[in-house]
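*Asks:* The structure under discussion is supplied below as structure tokens; questions concerning it will follow.
Values quoted throughout were computed directly from the atomic coordinates according to the rules given, and no laboratory measurement underlies them. From a predicted model like this one, the values you see are computed outputs, not experimental measurements. We place every Cβ from the backbone using ideal geometry, glycine too, and count neighbours over all the protein chains shown.
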Amino acid sequence: MSSSAASSTVLLNRILTLKESSPFVLALDNIGQSSHYLTNEFIYKIKSTTSAPVSILYLSYETTNKPEYADEFLLCLGKPLSYIKDHLSKKQQITKTLIIVDSFNYITDDDLSEFLATLFSPNTTIYGTYHLSVPTVKNHQTPNLPSLLTRLQFVATTIFEIKPILIGIDEEEMEHAISNFDLPIDLSNSSKFEVELTYRRASGRSLIYQFTIDTITHTYELKQNDSQKDQSTNENELLENLTTFNLTTTQKQKLARDQVDLPFLEAQQSMGSMGGAIVYEFEKDDDYDEEDPYEDPF
Amino acid sequence: MSFRKRGEIVGSPNVIPSAVPGRGGAPPAAPPVALPNTRQPPAMQSMPSSFRPAVQGRSAVVPQRGSVPGTLGNLQLQRPNTQQQHQQRKDEQPLLGSHPGVRPSILTSEPCISTGSSDIDKILAHQGLPIGTSLLIEENGTTDFSSTLLKIYLSQGIVQNRLNPSSQNTHLILVGLDQTWAKTLPGVYKGSSKERKKLAVKENESKVSVSNLIDSQQQQQLQLQKEHILAQKQKQQQQESSNNDLKIAWRYGLQRKSEKSEDLSESQYPNYNNQFDITSTLIPSASPKELTSISIPTRSKSYDLVLKQIEQAIQRQPPNVLIRIAVPLFLNPMIYHESQLQTTTNVIQFIHGLKRILKTHQSRTTLLISLNLDLFPRSNPMTSLIEMLSDAIIELRPFDPQLYNLMEKIYKNQPAKIKHGHLNIHKLPTLSDVGLMCVQDMEYSFKNGKKKFQVEEWSIPVEEEDTDNHNANANSSSAHGHDEPDVASVNPMSSKRQTTTDIEF
Amino acid sequence: MTSSSDLQHQDLAVYQDSSIVSHRTLSPSYNHLNLILHHQSTKPTWLTVALVENCLLDTCYLNTVKTKNSGYTLNGNVKSEVILASFINDLNVYSKQFIKFLNLDISAPSSPNFKFLEFLKKDIDRWFETIQLEISKLSQKTSSKVTVFLENPELLLFITNCTINQLLEKLQILNQQCNLFIISNSDPSLLDHTEFENDISTIYSTYLAKLIHKSNLILSLCPLKTGRANDITGQLKINKGLISSIPNVIVKEREYLYLVNKDGNVKLFFR
């Protein structure tokens, strides 16, 4: 177990330092926890650990101020696709490039494929955010086509789904608060948050881990899968310290217990096979009167 | 409760509350800081010297400003006088003094007009609807109480307009419905049958009466002055007689208390508000000179033409004429046929356009709109947008049949206590704009009575078994004060009937 | 619940250094986008006046002590020039408030540091050009940064045939030249979106969600969830925006209760 925890953090580190080959990193956020902090962590990792220079191209749809780390900052809101195309074609693709798209929500259904095709190229990693808080609409011309989000999730090689850490509030309350754009105090948009990382290997098989990321200390902690943890720990935790006796079972005892055959198991197999029928077998002490019509047990 | 509160304000209309508590709080600093921002009572305003020491008290702020004038320019410290004086700069003042249907708000001193129902005026907190603002009346269900309110709002305008036949002072604009609807506007309440008899006697004595005032306009021109005084006298007498009644039933006439305090202002603004008898009709009915009706054109794609016509109708009137605009049954599919007219952009453009007209002519225009909530519930974002663009909003929520039956059962002997529904307030003019939270849900009830649209605080009906004695008393009091009982059950039907006929054409 | 009379009257503070409009936000290197969200029943007029005052004079009528920030000296300039542009209110609503609280007559025709614009009577189609012109006029005169307050620009989405992205683009262009405060309605009925593209609530919540994702600060006013109270008007929540701006400009998240009484006086309390 500890080995898989280690490998998962390594994987996260490798993705964030662009060492793992993952050409399209998608971040999903909502107004409860913006991808802004993850982006900053991403940039911090690249700048601090990567030896080869990475040029960063920032395609802005919603960012007004040019971030310091961006080598190039392109205001794209209201501009046609060809504007980006022209810009990219002028560029020499020598160094490793990170293209940041601050929000995919501004790209129309029709443009998405072309947009992504424009950006994809060897030696380039695309990192973009899609805001889940922005309502999705059905296109009435093509009601059966997959939504923008579905398509993005399908194409992405790495997906970070970002959530705030909930303290003193349950998920439902948080969802309600987010849908009303009424954020709780000191919970949302903090520098420490949870992500669910979905990493797709070359084969397409997905690995899913959950982390808690602290962007101030730059530490990542693997969050144990909830359901697994619950089953194993719950029972033991419940019995521990309940009495002065030891009520818990060790692994060995559990194994032994599992091997014990329960009584009447065999009986159930042969005799019980007849279902619920009454089986009467005459025994010698039975006082059975053949002439009594009312005493027929059958 | 709030009625009494308002009474307090009425009692001291000149004391405009100070602005200071919001700023002052640190006890030592508070008294000197307090002065400059306080709207001083009139006596102090006449003494400019009272301003000086106060400025020194603000020493933390003043040096800053003192050094600024060059750059701050016109943005510098100016001593605010009373609000009235501030408004004088705008052209609102002429109407405030000269128009019989205008009086200052008891809260903000803005010029206000009466909606035709004194109770609605009261719950609007200003004792009327401030000129330049709009009131949205929302109604649940299929009843049509809101049209009653719109009708008395228009009637009130006509009655005031006819005070002086030689010059017009009010003009009505009716949007969506035509003159046929306008013919059903209610007439002035002429008192109970007993009072009417008394009046008839007086009529014989003086040969001049309220009804004569309306019927024989020719005569009036000659003895206008005289009659005006007489009408006033009559009103006073009426009040006196009702006061006598009150003496008998003073214990039960709680809600009358507020009216007493009103008497003061009523004598100051005698023609501000009338009582209307919704079973009668205004005679003669509104002439095209008094009322412009603007129909919703069939097969139109937008409201541009309607807005233009409203604008033109206003501009045709001389600047000292008050304009009352009524948009009854807004978006009712029977009137607004075209689906094009129901689209968001068109509706919001229209409401915004109306607001623009109100603000462009804000010294003399008011607007009432009624909207049915069954068609456009408050959860509908379009309703939210319409509300956003309205200055005041009240909601009429008629009781469901069970509750109404229960009330009828409980108040078998006191029909006057039977109400027709809840009245909710969602927005109040000026106050909501400033940031006050004015929502009052289920706090008031309304009753569409024969002689007035009554609004009272809502109290849950309690079934009492052993109160025969009490009932008898209360009964006599209601019989004394007003003769409503029979009307209560008739009215909703009659108003309904009116609208169905309206819609048919 | 405790009644407001028991509670201590509090000062308004937005940032960690107890400032309301921090001086650091007025640095030319970063333009801020701040949101003021309100419900229909809790209009933010009093808050807007307080923020405008703080932008101009660095004081706040809500506070008991008129704090003077040490880093700021008044050398003949205001802290920031202000444009207040409203799509829903006319000058009347504000001028009364300014006179009442600040002794400032903003209806004076031409003040060099403050400009009120309304797009209710004027040509609403030229709102963008008008504001841009005013910004350039104001910023020509001084070196300090202009702050623009826009009240209910969302109406443009329904009155004109302006799309969400077009509106956001224009707001962004304005934001590149100034700090922007956008006052918008956040009534739940407007946010209850569906999958229909032309549903008002869908348009509205898309617009607001996108705006929130760009924001550096969110101030929201809403009525009490428990209903109307005589001694409390509503709550004011200060949230940091989704985007952190520049170092040392740190929003202190907190909740106030506030009371606006019939005279228009405002008091703040801690929750």
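*Asks:* Per DSSP helix of 4 or more residues, -39500 (n - 2.57); summed, then divided by the residues of chain C. What does that give at 222 nm, rounded to the nearest 500?
*Replies:* Details: 7 runs with 76 residues, N = 271.
Calculated from helices alone, the mean residue ellipticity at 222 nm is -8500 deg cm²/dmol.
*Asks:* What ranking do B:Ser280, C:Ser245 get, fewest neighbouring Cβ atoms within 10 angstrom at the top?
*Replies:* On the way: B:Ser280 15, C:Ser245 24.
Least to most surrounded, the residues fall as B:Ser280, C:Ser245.
*Asks:* Of the options C:Asn34, C:Tyr207, C:Gly227, report the single residue whose Cα projects farthest towards the positive end of the charge dipole of chain C (beta-carbon charges: Lys, Arg +1; Asp, Glu -1).
*Replies:* Positive-end residue among those listed: C:Asn34.
*Asks:* Tell me, what is the FRET efficiency for A:Gln141 and C:Ile173 to the nearest 0.05, using R0 = 30 angstrom and their Cβ-Cβ distance as r? Write out the running numbers ahead of the final one.
*Replies:* Numbers: r = 31 Å, r/R0 = 1.04.
It comes out at approximately 0.45.
*Asks:* Rounding to the nearest 20 debye, state how big the charge dipole of chain C is about its Cα centre with +1 on each Lys and Arg Cβ and -1 on each Asp and Glu Cβ. Provide the component values of the computation, followed by the final result.
*Replies:* Numbers: 26 positive and 25 negative charges, 154 e Å.
Result for chain C is approximately 740 debye, rounded to the nearest 20.
*Asks:* Gain in length, A:Thr219 to A:Ala52, computed as 0.36 nm per residue apart minus the alpha-carbon separation, to one decimal in nm? Mind dumping the intermediate values first?
*Replies:* On the way: separation 167, 0.36 × 167 = 60.12 nm, distance 2.31 nm.
Stretched out fully, the A:Thr219 to A:Ala52 stretch lengthens by 57.8 nm.
*Asks:* Once amide H atoms are built 1.01 Å from N in the peptide plane, which residues 5 or more positions from B:Lys427, or in another chain, come under 5 Å H to H?
*Replies:* Counting only residues 5 or more places away or on other chains, the set is B:Ile393.
*Asks:* If you restrict to DSSP beta bridges whose two residues both lie in chain C, what percentage is antiparallel, to the nearest 5?
*Replies:* On the way: 20 of 47 bridges.
Of the beta bridges lying entirely in chain C, close to 45 percent run antiparallel.
*Asks:* Note the full-extension length gain between B:Ser295 and B:Lys412 as 0.36 nm times their separation in residues minus their Cα-Cα distance, in nm to one decimal.
*Replies:* Net length gain for the segment: 37.7 nm.
*Asks:* How far apart, in nanometres, would the label points at A:Gln259 and B:Asp304 be if each is projected 7 angstrom from Cα along the Cα-to-Cβ direction?
*Replies:* Result for the modelled spin labels: 9.2 nm.
*Asks:* Which value, in debye to the nearest 20, gives the size of the charge dipole of segment A:2-232 about its Cα centre, when Lys and Arg are +1 and Asp and Glu are -1 at the Cβ?
*Replies:* Numbers: 19 positive and 27 negative charges, 251 e Å.
In debye, rounded to 20, segment A:2-232 gives about 1200.
*Asks:* Using alpha carbons only, how many angstrom separate the centre of segment C:147-218 from the centre of segment A:121-199?
*Replies:* 20 Å
*Asks:* Related question: Looking at segment A:2-232 only, what percent of DSSP beta bridges run antiparallel? Nearest 5 please. Don't jump to the answer; show the numbers that get you there.
*Replies:* Values: 22 of 47 bridges.
Expressed as a percentage, antiparallel bridges in segment A:2-232 total about 45.
*Asks:* Once amide H atoms are built 1.01 Å from N in the peptide plane, which residues 5 or more positions from B:Gly141, or in another chain, come under 5 Å H to H?
*Replies:* So B:Gly141 has HN proximity to B:Leu373, B:Asp374.
*Asks:* List the residues whose amide H sits under 5 Å from the amide H of C:Asp187, counting only those 5 or more places along or on another chain, with H placed 1.01 Å from N in the peptide plane.
*Replies:* Here C:Gln40 satisfy the definition.
*Asks:* Short version: ³J(HN,Hα) in whole Hz for each residue of segment B:412-420, in order, from phi by Karplus 6.51 cos²θ - 1.76 cosθ + 1.60 (θ = phi - 60°), x for Gly and Pro, what are they?
*Replies:* Result, ordered by residue: 3, 8, 10, x, 5, 7, 6, 10, 9 Hz.
*Asks:* Can you compute the modelled spin-label distance between C:Ser143 and A:Phe245, with each label point 7 Å from Cα toward Cβ, in nm?
*Replies:* Placing both labels 7 Å beyond Cα along the Cβ direction yields 8.3 nm.
*Asks:* Still on this structure, please answer the following. Show me the three semi-axes of the equivalent ellipsoid for segment A:92-204, from the C-alpha gyration tensor (sqrt of 5 times each eigenvalue), largest first, rounded to whole Å.
*Replies:* Working: eigenvalues 169, 83, 35 Å².
For segment A:92-204, the ellipsoid semi-axes come out as 29, 20, 13 Å.
*Asks:* List the trypsin sites (Lys or Arg not before Pro) within segment C:197-237 that DSSP assigns to loop and that have no more than 15 neighbouring Cβ atoms inside 10 Å. Don't skip to the end; give the middle numbers.
*Replies:* Details: sites: C:Lys210, C:Lys214, C:Lys225, C:Arg228, C:Lys237; in loops: C:Lys225, C:Arg228.
Within segment C:197-237, the qualifying trypsin sites (Lys or Arg not before Pro) (loop, at most 15 other Cβ atoms within 10 Å) are C:Lys225.
*Asks:* Using alpha-carbon positions, what is the distance between the centroids of segment B:405-435 and segment A:43-109, in Å?
*Replies:* Here the answer is 61 Å between Cα centres.
*Asks:* Taking a point 7 angstrom from the Cα of B:Leu403 along the C-beta vector, which residues in segment B:417-455 have backbone N less than 12 Å away?
*Replies:* Within reach of a label on B:Leu403: B:419-424, B:441-446.
*Asks:* For segment A:151-194, state which GluC sites (Glu not before Pro) are in a DSSP loop and have at most 12 other beta carbons lying within 10 Å of their beta carbon. If you can, show how the numbers build up before the last one.
*Replies:* Values: sites: A:Glu161, A:Glu171, A:Glu172, A:Glu173, A:Glu175, A:Glu194; in loops: none.
Listed in order of number, the matching sites amount to none.
*Asks:* What does the structure give for C:158-165 when I average, per residue, the other chain Cβ atoms found within 10 Å of the residue Cβ?
*Replies:* What the average comes to for C:158-165 is 4.
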